[in-house]
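What follows draws every value from the coordinates through simple rules; no lab data is involved. Keep in mind that this is a model prediction, so the values were computed, not measured. Virtual Cβ from ideal backbone geometry, glycine too; neighbours counted across all protein chains shown.
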Amino acid sequence: MNLVYSIPDKLYYFENFLDYPTYKKLHYDVFKSNLISLKSVKKDWDKKLTYGHYNFTQKTDLDKNNPLLIKLKILIKTNRFHKINYNNFNFVLHSMEDGAGINWHDDNSHEYGITYYINRRWNSKFGGELLFTHETANGFVPLTGNSLLVIKAPLLHKVVTVTKPIVPRKTIQIFVGKDV
């Protein structure tokens, strides 16, 4: 686990977050499993989040008792850079194809919004980067497989529109808080 960038007490970006065998198993389960059925967020999300996008994120809730997700939760809670003292974690798989994106928002209904990036290979011309803005810094987070972004809410951020990827942009969104 390597901390690549941080805004103390607000944003932490890690690369090589999971050990390789765990990452490989999680990647396989998400990309190769036929057991995952996805549903469009078009009717569930506020229209402000999807305005201007011609395609919509697909999602499904994940079983928090899955051993891989339990391991991910333990590593998130106990990382040496920013401890998270909440136990309520909600895991959601997001899949974004051509034309999908998410407009500016701050996840203020949660204590933390965490993104685990699954894609092993991603070309920067496919879009899908996360942009953020804060009073002390502005920037973006590239799509790098086996990386993790921890955002302490509220922090304004968005996902740039995905453009013609070979495979969908896949992430595990983890929402953490008192009442998730």
Excluding residues on the same chain fewer than 8 positions from LYS83, give the aspartates and glutamates whose Cα lies under 16 Å from its Cα.
ASP9, GLU111
Rounded, prolate or oblate: pick one for the stretch 76-180, where a ≥ b ≥ c are the square roots of the eigenvalues of its C-alpha gyration tensor, a/c under 1.5 means rounded, and failing that, prolate if a/b is larger than b/c, else oblate.
prolate
Lysines with Cα under 17 Å of LYS43, excluding same-chain neighbours fewer than 8 positions away
LYS59
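Would you please put 18-28, 119-129 in order of how densely packed they are, using the mean number of other Cβ atoms within 10 angstrom per residue and starting with the highest?
Ranking the peptides 18-28, 119-129 by packing returns 119-129, 18-28.
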When the helix-only estimate is applied to the chain (DSSP H runs of n ≥ 4, each -39,500 (n - 2.57), divided by the residue count), what is the mean residue ellipticity at 222 nm, nearest 500 deg cm²/dmol?
-4500 deg cm²/dmol
Rounded to whole Å, give me the distance from the Cα center of the stretch 56-80 to that of the stretch 110-171.
17
Give me a comma-separated list of calculated 3J(HN,Hα) values for the stretch 54-70, in order, Karplus coefficients 6.51, -1.76, 1.60 applied at θ = phi - 60°, integers in Hz, x for any Gly or Pro.
9, 9, 10, 4, 9, 8, 7, 6, 10, 6, 5, 8, 5, x, 5, 6, 4
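What Kirkwood Rh does the stretch 1-101 have if only Cα atoms enter the pairwise 1/r average? Answer in Å.
This gives a value of 15.8 Å.
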Please list the equivalent ellipsoid semi-axes of the chain, computed as the square roots of five times the alpha-carbon gyration tensor eigenvalues, in descending order and whole angstrom.
22, 20, 17
Using DSSP to call loops (not H, G, I, E or B), can you name the trypsin sites (Lys or Arg not before Pro) in the stretch 63-111 whose Cβ has at most 11 other Cβ atoms within 10 angstrom?
ARG80, LYS83
